[in-house]
Amino acid sequence: MQITLVNIGGRARSKDPFEALVCDYLKRSAGVARCDTQAFREERGLFDWLAGQRGRTDPQVLLLDATGRRMTSEELAVWLGSRRAEGARHVIFAIGPADGWSEPVRAEWKGHHGLLSLGPMTLAHQLARLVMAEQIYRACTILTGHPYHKGH
């Protein structure tokens, strides 16, 4: 399975103080999934790219949004494990633009796809990327029984 962490807008990767940490967490997840990152200047770029990602199975996409479903780390691991068991080949977590996802996108994704919330607080793009990368790694350790996750 492939996991891609996407962000819209934000600071250039070369200037992101968390870039090395994001890459480290995603690299550590390799035992469960191949992980990479993608960045797009605006929403349209993401959706154009998504259209080209269709293959034998459609990618499973969760847009990060304050109105989305909140999951514990364990619930995220179960969700990810279920996608893997169902044969999903590509899972994408997408962090939206600085002003949030447009209303049409939010409405479509809430109805047919998925919105995921990291919590009620607003986070800077770079910090949201780091938190999501760590949660992807944590979910992978939960799935493999690695002691990194202690449940607190």
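The values are calculated or read from the model by the stated rules, or taken from the named source; none is laboratory data. Not measured: the values here are computed from a predicted model. Here the Cβ positions follow ideal geometry from the backbone for every residue, glycine too, while neighbour counts run over all protein chains shown. To get the accessible areas, we keep the full protein, side chains included, count just its heavy atoms, and leave off ligands, DNA and RNA. Shrake-Rupley method; radii C 1.70, N 1.55, O 1.52, S 1.80 Å.
In the range 68-94, what residues are surrounded by 13 or more Cβ atoms within 10 Å (Cβ to Cβ) and of a type in the set (Val, Ile, Thr)?
VAL78, VAL91, ILE92
Got a number for residues in the range 95-123 being within 15 Å of the chain's Cα centre (by Cα), touching a residue at least 40 places away in the same chain (Cβ under 8 Å) and open to solvent by 50 Å² or more (accessible area, probe 1.4 Å)?
2
Within the range 24-38, does at least one residue satisfy the condition of being in contact with a Phe, Trp or Tyr (Cβ under 9 Å, 6 or more places away or on another chain) and within 14 Å of PRO97 (Cα to Cα)?
yes
Kindly provide the set of residues from the range 45-68 that are more than 15 Å from GLY96 (Cα to Cα) and under 17 Å from the mean Cα position of the chain (by Cα), ordered by number.
GLN53, ASP58, PRO59, GLN60
Give me a count of the residues in the range 12-44 that are among the acidic types (Asp, Glu), at pLDDT below 90 and open to solvent by 30 Å² or more (accessible area, probe 1.4 Å). Spell out the reasoning first.
Taking the range 12-44 and keeping what is among the acidic types (Asp, Glu), we get 16, 19, 24, 36, 42-43.
Adding the requirement that they be at pLDDT below 90 leaves 16.
Among the residues that remain, those that are also open to solvent by 30 Å² or more (accessible area, probe 1.4 Å) are: none.
So the answer is 0.
Is it the case, given these coordinates, that GLY9 is open to solvent by less than 70 Å² (accessible area, probe 1.4 Å) and on the phi > 0 side of the Ramachandran plot? So that I can check it myself, show each step before the final result.
On the way: open to solvent by less than 70 Å² (accessible area, probe 1.4 Å): yes; on the phi > 0 side of the Ramachandran plot: yes.
So GLY9 fits the description; yes.
Which ones in the range 33-92 are more than 19 Å from LYS110 (Cβ to Cβ), among the small types (Gly, Ala, Ser) and in contact (Cβ under 8 Å) with a residue 24 or more places away in the chain?
Scanning the range 33-92 gives ALA33, ALA39, GLY45, GLY55, SER73, ALA77, GLY81, GLY87, ALA88.
Restricting to the range 2-57, give me the number of residues that are of a type in the set (Gly, Ala, Ser) and touching a Cys at 6+ places or on another chain (Cβ under 9 Å). It would help to see each step written out before you state the result.
First, pick out the residues of the range 2-57 that are of a type in the set (Gly, Ala, Ser): 9-10, 12, 14, 20, 29-31, 33, 39, 45, 51-52, 55.
Those still in the list that are touching a Cys at 6+ places or on another chain (Cβ under 9 Å) too: 29-31, 33.
Result for the range 2-57: 4.
Please specify each residue of the range 99-145 satisfying the condition of being assigned to a loop (DSSP other than H, G, I, E, B) and modelled with pLDDT under 85.
If we filter the range 99-145 for residues that are assigned to a loop (DSSP other than H, G, I, E, B), which is where we start, we get 99-102, 113-114, 118-124, 145.
Matches in the range 99-145: HIS113 only.
Consider the range 1-32. How many of its residues are within 13 Å of the chain's Cα centre (by Cα) and free of Cβ contacts under 8 Å to residues at least 60 places away in the same chain?
Matching residues across the range 1-32 total 0.
So, in the range 45-67, of the ones that are open to solvent by less than 20 Å² (accessible area, probe 1.4 Å) and assigned to a helix (DSSP H, G or I), which residue ends up farthest from MET132 (Cα to Cα)?
LEU50
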